[in-house]
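Derivation of every value follows stated rules applied to the coordinates shown; laboratory data play no part. What you see is a predicted model, and the numbers here were worked out from it, not measured in a lab.
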Amino acid sequence: MHTTYKLSALLYTLLLFAALPAEAQSSDDEVAVWAMVEQQWRAEKRGDKDWVDELLSADFVGWPTDSPAPRNKASTRLWNEFNSRQSELLEFELYPQAIVIHGDMAVVHYLYTAANKVKGGDVEFSSGRYSDILVRSDNGWRFVAWHGGNDK
């Protein structure tokens, strides 16, 4: 009986330590995924026109709430360039709600508050939510889809 107890304790300890690297990997992935979300918003704020090509996967399809249909990468680039000529993102704050990692796929739910300066107009404040889906690539995490926008 004493031997059974020792073997059980040893097995439990081995299982516990075997699970630790997976948990650490998930945490590292969550940090990397959230950093990519923040990177996209910072790129938009500084007026970086290349973020669409750099951060979205080739097969990206997103559906902003102000769009009648989903947008592929080319459509996202077109509307991002148009919107950047109409207004400027002055500031933003992001509020992560949940991040789920499944292998090479991640889902991120978050809220945001943003201040935009409309050309020739006033500063406008908005709040909303996004659900982003990212895929791990050779170059790190990339957006493959998203849905969300202003909670008017």
Q. Residue-wise, which Karplus ³J(HN,Hα) couplings in Hz belong to the stretch 102-116, taking 6.51 cos²θ - 1.76 cosθ + 1.60, θ = phi - 60°, and x for glycine or proline?
A. 10, x, 9, 10, 9, 10, 10, 10, 7, 10, 8, 10, 9, 10, 10
(Q) Per residue of the stretch 80-93, what does 6.51 cos²θ - 1.76 cosθ + 1.60 with θ = phi - 60° give for ³J(HN,Hα)? Whole Hz please, x for Gly and Pro, Karplus curve as stated. (A) 5, 5, 4, 4, 5, 7, 9, 8, 10, 6, 8, 7, 7, 9
Q | Rounded to whole Hz, the Karplus (6.51, -1.76, 1.60) HN-Hα couplings of the stretch 137-146, x for glycine and proline | A | 10, 5, 9, x, 6, 9, 6, 10, 6, 7
